[in-house]
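Below you'll find the structure, written out as structure tokens, and then a few comments.
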Amino acid sequence: MIERRSAVRVARGERGIWQRRFWERMIVDDAGYAAHVGYCHINPLK
């Protein structure tokens with residue numbers, strides 16, 4: 001399958017499937033887990 005990418009994505013080395021401005025988060029404790037679950041419940045479309 002051929003992936004269509006704009007010139008900007010090619011220049012930045014970005015793939016078409018991955019979203020821009022993505023930051024991985026590590027959940028380190030129960031409070032962090034509860035905060036992430038709560039966020040998913042109140043904001044499911046984001």
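All other residues with a Cβ under 13 Å from the Cβ of Val10 taken together, and with Lys, Arg as +1 and Asp, Glu as -1, what is their net charge? Provide the component values of the computation, followed by the final result.
Numbers: positive: Arg4, Arg5, Arg9, Arg12, Arg15; negative: Glu3, Glu14.
Result for the neighbourhood of Val10: +3.
Can you tell me the Rg and the Dmax, both Å, for the Cα atoms in the chain?
Rg and Dmax of the chain, Cα atoms, are 16.0, 43 Å.
Based solely on its DSSP helices, what 222 nm [θ] is calculated for the chain when runs of n ≥ 4 H residues each add -39,500 (n - 2.57) and the sum is averaged over all residues, nearest 500 deg cm²/dmol? Mind dumping the intermediate values first?
On the way: 2 runs with 19 residues, N = 46.
The helix contribution divided over the chain gives -12000 deg cm²/dmol.
Explain nothing, just the number: dipole magnitude of the chain about its Cα centre with +1 on each Lys and Arg Cβ and -1 on each Asp and Glu Cβ, in debye rounded to the nearest 20.
Numbers: 9 positive and 5 negative charges, 98 e Å.
The calculation lands at about 480 debye.
Say the dipole of segment 5-46 comes from +1 at the beta carbon of Lys and Arg and -1 at that of Asp and Glu; which of Leu45, Ala34, Gly16 then lies farthest toward its positive end?
Going by the Cα projections, it comes out as Gly16.
Helix 30-42 sits at what angle to the longest principal axis of the chain, using alpha carbons and giving 0 to 90 degrees rounded to 10?
The helix 30-42 is inclined about 70 degrees to the chain.
Where a number appears in this text, it was derived from the coordinates with a stated rule and is not lab data. Worth saying up front: this structure is predicted, and the values here are computed from it rather than measured. Don't worry about glycine lacking a Cβ; one is built from the backbone with ideal geometry, like all the others, and counts go over all protein chains shown.
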